[in-house]
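Working notes, structure below.
The values are calculated or read from the model by the stated rules, or taken from the named source; none is laboratory data. Computed from a predicted model, the values in this text were never measured in an experiment. With ideal geometry, Cβ positions are generated from the backbone for all residues, glycine too; neighbour counts draw on all protein chains shown.
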């Protein structure tokens, strides 16, 4: 309590010192150059016209000529156009700092058609998404935002700030922020039709309409509507996705007469056999990319009520419909049980009768078969996302401004589950056992089975609400005083945020009475936070030898959570402009992330443990039993009663007999950490048009919330730390025969994430009379990771994850590839009315993070050729060939999804994009 009061007193003093302030709550980066077509470092904001807002991503202080102390990369409107972008994913995957996250190929997740951004492989919950400097509405329990809910047609610029920004924007900005700046000044009518077609099959197409008009000379209204449709792609449409070892129980069935032990069954083609195969393979029909339909509608407005008061806001609505496999994966339901087959069963052939032993008119038969007649497990999900914002702003004095706003966002999801059924009826009787004598269960593709056992489950209803209100005053001290180097810039404000979430499950999911869903718990939760924040920027020196300009600054935010206590985050920064050729910059910050709803509010749910060997998405979480594989410590294996090496198949579904339990933890505490950046900006006057930035960064997060997956617990217990007291051994239990029984995977404040690296950007525009056209533009943006250590738990040593792939080195189980190097490089030919652009993306070589593995994936290079041209004053056409050499994703032997990692690598192949725009 004393500490809380001290924080409050410190904040009050800071706020009092900033009694005059102005500006806007919007924190945006400086505009990228008008002809920029690749990500650029946003550093400077030109002096605006009187009355305009001055905004830089990473601060709320509006100062003319302000330069960013943090590394900020921008993607401009032209780059979005050159990618024939229908969605954010179409261009964001080219930004090296955006490591992976959830994409269109992320089958088996609970994102259901969303794209979720992830900065620096730090987990999707540690990247904050903003719209014009304020929080975007989340949709999931991870505080994640579906960025495709933002109309691509309305985006003016995207700023990616890396290095943390919690003191300015609040919790979750640990790895950084992604700020979408929308075009709220557009005037006219613009319609666009766009398509992206893969030469290997698969398409995405849609259109947009945007209208903007002034309200006299006092305001502006912009309305935009986008429609996007994506075709589904099956695994069989890509030769690299073939998975011959991904088997399921036989679709024709294997039948064993209990009395005699005789076995018979049917082939996949329906032929009777007494030597049946126990498995089938239908993986070619599994979805790689799910079909999706999306409608986005947005309106932006601002209106000057008086010269001192402007009314502004936005309204956004998105409807998304998709069909995905959901958490259990696409694998069809199956049965394995003894049933009573009547001697009068009408579906018995002579061949079947000869295999059965009837006693008292019935034979006891063990039936093992997939219920493929029910179809693949599919979640038909509809998500509605909306956000409303309304505020007032205006000048307080010539040097100060004020703003106050409130916003409300809601995301609702409803999902129907098809391809599943109920195990038991209302009376508790087994449904399959009750129909074996009235429906033909012998052989594949029996139409009666689907109707008798298949049930559409109501699935879940998921709701997420967010309310934010804030008031800020910001500006400079020019009205009162100025230092010799200029006036002091500052901002101060208050913010209140309340978040709620709930999920309701079908009764069959709550009780575990479905074939494939396990036990899915319903839960709800809420929290609120009241915050005070302030920033200050002090110009110390200007126009002296070796110091053309030197500014220092800082920020502080005091956050009082009703569930997580009171916390302070802060930032100190410096900007030193040596001369017009060289500038040095740096920041040091304390950052914080509060637990999301899935981490602190979720009840315990479960899936069958064997899903970790039958569901592609879950396979990275289990790697076999080291004791059976012969890689485990012999004494430890004996201590826990494990089977002998080579005695069984520990990767068979039958080896994992129990459940995989997961859920939240009400005792979870916020993560805290420190981020550091230091860099230089080179703008040599002897070579006009050249800009180079090099920034070193360090992200150090302690008490990171996470889970210890079975593969990590088992490896620690039996390979890397085979001691009797290793606490991780208890996370995976064994049966009396030594096979694995249950796994326990609940969220905890476990360990540490520590990453260091370099961000490098360069751009150069050459204009010369001897060049054809209007000139050439070269650009480069790269990320070099020099170290990335993940310590999953304080009881185990940290793992060096730089340049690796696999679940061992995933901070939240989403992005499974951590390359040490990535870049995007481009060369553009500027022509009258347009540009022709060649881009090169490279993802560096990675090696397996699995203990004892020597597998590597070679560096991947893809190339794009695109162009944009204004044919007339009203018609613009853009076109491109993306992944023009049809580079296939790298193949991984285990741990991937369909032999690769769709979270990182392009799975579409060569894609041709075309966009036609008419504007007036």
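Screening the stretch 564-633 for strands (runs of 3 or more DSSP E) wholly inside it with 2 or more residues that are buried (at least 24 other Cβ atoms within 10 Å of the Cβ) and on the phi < 0 side of the Ramachandran plot returns the ranges 565-577, 582-593. Taken residue by residue, the stretch 440-455 has no member that is in contact with a strand residue (DSSP E or B) (Cβ under 8 Å, 6 or more places away or on another chain), farther than 29 Å from residue 376 by Cα and surrounded by fewer than 21 Cβ atoms within 10 Å (Cβ to Cβ). Looking across 217, 239, one residue alone is more than 23 Å from the chain's Cα centre (by Cα), outside the structural domain of residue 883 (by TED's automatic domain parsing) and either free of Cβ contacts under 8 Å to residues at least 60 places away in the same chain or within 14 Å of residue 291 (Cα to Cα) (or both). It is 239.
Among the candidates 101, 170, the residue that is surrounded by fewer than 24 Cβ atoms within 10 Å (Cβ to Cβ) and in contact (Cβ under 8 Å) with a residue 12 or more places away in the chain is uniquely 170. The residue of the stretch 128-146 that is surrounded by the fewest Cβ atoms within 10 Å (Cβ to Cβ), among those that are modelled with pLDDT of 90 or more and under 10 Å from the mean Cα position of the chain (by Cα), is 146.
In the stretch 265-276, the residues that are more than 9 Å from residue 251 (Cα to Cα) reach residues that are at pLDDT 95 or above and exposed (fewer than 14 other Cβ atoms within 10 Å of the Cβ) with C-beta atoms within less than 7 angstrom, at least six apart or across chains, in these pairs: 272/351. Of the numbered criteria (1) in contact with a helix residue (DSSP H, G or I) (Cβ under 8 Å, 6 or more places away or on another chain); (2) more than 25 Å from residue 244 (Cβ to Cβ), the one residue 618 fails is (2). Against the list (1) at pLDDT below 95; (2) under 20 Å from residue 493 (Cβ atoms); (3) surrounded by fewer than 22 Cβ atoms within 10 Å (Cβ to Cβ), the condition residue 561 fails is (1).
Only one entry in 742, 759 is crowded, with 20+ Cβ neighbours inside 10 Å, in a strand (DSSP E or B) and touching a residue at least 24 places away in the same chain (Cβ under 8 Å), namely 759. When you look at residue 790, is it in contact with a helix residue (DSSP H, G or I) (Cβ under 9 Å, 6 or more places away or on another chain) and either assigned to a loop (DSSP other than H, G, I, E, B) or in contact (Cβ under 8 Å) with a residue 12 or more places away in the chain (or both), yes or no? Judged against the criteria, residue 790 is a match. Taken together, the criteria exclude residue 230 from residues that are over 30 Å from residue 350 (Cα atoms), in contact with a strand residue (DSSP E or B) (Cβ under 8 Å, 6 or more places away or on another chain), modelled with pLDDT under 95 and surrounded by fewer than 17 Cβ atoms within 10 Å (Cβ to Cβ). Of everything in the stretch 815-831 that is crowded, with 23+ Cβ neighbours inside 10 Å and part of a loop (DSSP other than H, G, I, E, B), the residue that is modelled with the lowest pLDDT is 815. Counting residues in the stretch 209-232 that are touching a helix residue (DSSP H, G or I) at 6+ places or on another chain (Cβ under 7 Å) and in a loop (DSSP other than H, G, I, E, B) gives zero.
Taken over the stretch 837-850, the residue count meeting the criterion of being over 26 Å from the mean Cα position of the chain (by Cα) and buried (at least 17 other Cβ atoms within 10 Å of the Cβ) is 1. Among the residues of the stretch 881-894, those identified as touching a helix residue (DSSP H, G or I) at 6+ places or on another chain (Cβ under 8 Å) and surrounded by fewer than 23 Cβ atoms within 10 Å (Cβ to Cβ) are 888, 891, 894.
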